[in-house]
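Taking it in order: structure first as structure tokens, then the write-up.
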Ligand code: NAP
């Protein structure tokens, strides 16, 4: 039986990923920060599929909490085969000149520091077994940069660079490190967009639809699966063909 820890799995892409892994027979640790009820309901749903699942509260931007998250996962599920660093936040769309110091720090704390702390805690478990899969979650903006999304683009660009560097560092230990960089996905993160904005985005997408969390979950599973033996340091872009 394989085990996965998914950060930010209470909602959106993380929750869809947790469902897909459980459907494939994985035991799943569902990390949440604020959405406790959603996380607990998800765990009930996953357990009903016959796999082991647990909800673990941790703010991954806090090093002690991120470390304990990994340790608790290993204690409760008996090991760790894959880590999905999905937790993240975006800022309201705004000019760089309107971005406060606090906003800049918050977006790096959740998206970059959180990944660093969680991966740092998980790596010794993977190295001991000389096996493991790490999948990080960037964004189309981390690949191309987005106007009025400079802080978020910079943080998601850092996720891509960390992924590539880590893939080189951990390859000799038999660990793969890959990234998914989703396009526009229908989750709470885009709930502020009105119908007209969503429609104009949709028209820019060659596959002519906004992505679903399940679209991204399938890419994450592909990169985490034990059958992924030779793909590392890559960025897979479930984005419907936008901005490629
Ligand atoms: P979402 O629906 O807003 O969900 C965000 C998740 O991250 C929630 O489960 C939230 O947990 C968790 N989270 C946020 N900060 C956290 C922290 N400090 N510690 C632990 N968990 C934290 O967002 P989403 O759209 O699913 O996004 C998931 C990932 O995909 C993010 O990294 C995002 O940047 C990336 N992404 C999204 C899109 C998109 O269009 N939606 C596109 C490209 C990339 P709580 O609710 O429990 O606090």
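The values are calculated or read from the model by the stated rules, or taken from the named source; none is laboratory data. This one's a predicted model, so the numbers in the text were calculated from it and none came from an experiment. Don't worry about glycine lacking a Cβ; one is built from the backbone with ideal geometry, like all the others, and counts go over all protein chains shown.
General observations
- Scan of region 209-229 for residues that are within 15 Å of the ligand (Cβ to nearest atom) and either free of Cβ contacts under 8 Å to residues at least 24 places away in the same chain or out of contact with any helix residue (DSSP H, G or I) (no Cβ under 8 Å at 6 or more places or on another chain) (or both), ordered by number: 211, 215, 219, 223
- Among the candidates 153, 200, 147, residue that is at pLDDT below 95, more than 26 Å from residue 64 (Cα to Cα) and more than 14 Å from the chain's Cα centre (by Cα): 200
- Filter pass, residue 189 being touching a strand residue (DSSP E or B) at 6+ places or on another chain (Cβ under 9 Å) and part of a helix (DSSP H, G or I): no
- Among the residues examined, residue 113 does not qualify as more than 12 Å from the ligand (Cβ to nearest atom) and either more than 20 Å from the chain's Cα centre (by Cα) or buried (at least 16 other Cβ atoms within 10 Å of the Cβ) (or both).
Here is a yes/no grid of residues against (1) assigned to a loop (DSSP other than H, G, I, E, B); (2) more than 12 Å from the ligand (Cβ to nearest atom):
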position: 107; (1), (2): no, no
position: 127; (1), (2): no, yes
position: 133; (1), (2): no, yes
position: 146; (1), (2): yes, no
position: 156; (1), (2): no, no
position: 207; (1), (2): yes, yes
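- Tally of residues being part of a loop (DSSP other than H, G, I, E, B) and closer than 19 Å to residue 141 by Cβ across region 213-239: 4
- Strands (runs of 3 or more DSSP E) wholly inside region 1-99 that include at least 1 residues being more than 21 Å from residue 162 (Cβ to Cβ) and within 16 Å of the ligand (Cβ to nearest atom): 27-32, 53-57
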